[in-house]
Amino acid sequence: MELKNKFVVLTGACGGIGSEIAKLLSKNGCSLLLIDVNEEMLKNLSDSIKGDVKYIVSDFSNRVGLYKLVEDIKGVNIKVDVLINNAGIGVYKSLKDVTLEEFEESFYINVFAPMVLSKELINVMGEFGVILNMGSLSGVRTLPNRIAYNSSKFSLRGFSLSLNEELKDSHISSILLTLGSTFTQFGGVSLEEKAKMKENGKSFFSTDYVANKVVEILSSGEYKSEYVLAPEESVNI
């Protein structure tokens, strides 16, 4: 797919991965609608990108915020070519320690937002629409003390692959990027802590590598239902 002049909706735009994706898509000639909870960071990111950029400040960690976002997007009056559900939250706690509110927030951000945005934006997608969901290896395999995160990412994977089946005979594609560890502060782990982990042999993707893979996938025009990127080992799914 030729990315030039395509309109892309990107959630989680101000995170380490999201900001790199936004910058690279803009360089490829895309028009952008950036979505994030932090207004100051959104403004700074938008100002740093040359091209057609709009943004919406949104907290969709609950039902009210999610449906307000849907109405805000409809108010922009756009035809969407690509939806990238990149926003995510990592609550790394055991079942005995995680709260109901943290479970709810994990599912609103990691699962319900991609579901609702996909449902609403399919109706305004162009001739070659693409929905790209940012998954995780935590949606394929489990680790202790990540029960809310594992549960939500398994659910996102099921949604994305199911949607791919539904859309097989349409002009829209659903893609899941199952991503391994990336060098960001996601999950409350600082960059300093991750740097020490790297010294001890842990592998991480850089954010620019992930952004380049996203653009590479979108540009290919031949889409698989799932792409797996694991920095430390091959993973069979």
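The values are calculated or read from the model by the stated rules, or taken from the named source; none is laboratory data. Bear in mind the structure is a predicted one, so any value in this text is a computation, not a measurement. Here the Cβ positions follow ideal geometry from the backbone for every residue, glycine too, while neighbour counts run over all protein chains shown. Side chains included, ligands, DNA and RNA excluded: accessible areas come from the protein's heavy atoms. Shrake-Rupley method; radii C 1.70, N 1.55, O 1.52, S 1.80 Å.
Worth a mention:
- The set of residues from region 180-222 being surrounded by fewer than 17 Cβ atoms within 10 Å (Cβ to Cβ) and modelled with pLDDT of 80 or more comprises Ser206, Asp208, Tyr209, Asn212, Lys213, Glu216, Ser219, Ser220, Gly221, Glu222.
- Criterion applied to Lys168, Lys153 was being of a type in the set (D, E, K, R), within 15 Å of Glu226 (Cβ to Cβ) and in contact (Cβ under 8 Å) with a residue 24 or more places away in the chain, and the one residue passing it is Lys153.
- With respect to being under 12 Å from the mean Cα position of the chain (by Cα) and either part of a helix (DSSP H, G or I) or more than 23 Å from Val82 (Cα to Cα) (or both), Asn145 falls outside the description.
- Selection of strands (runs of 3 or more DSSP E) fully inside region 1-73 by the criterion of at least 1 residues being open to solvent by 30 Å² or more (accessible area, probe 1.4 Å) and not aromatic (Phe, Trp, Tyr) returns 53-57.
- Residue check for Ile89: within 13 Å of Ser61 (Cβ to Cβ) and part of a loop (DSSP other than H, G, I, E, B): yes
- Region 134-151, residues that are open to solvent by less than 20 Å² (accessible area, probe 1.4 Å) and closer than 29 Å to Ser219 by Cβ: Met134, Gly135, Ser136, Leu137, Ser138, Gly139
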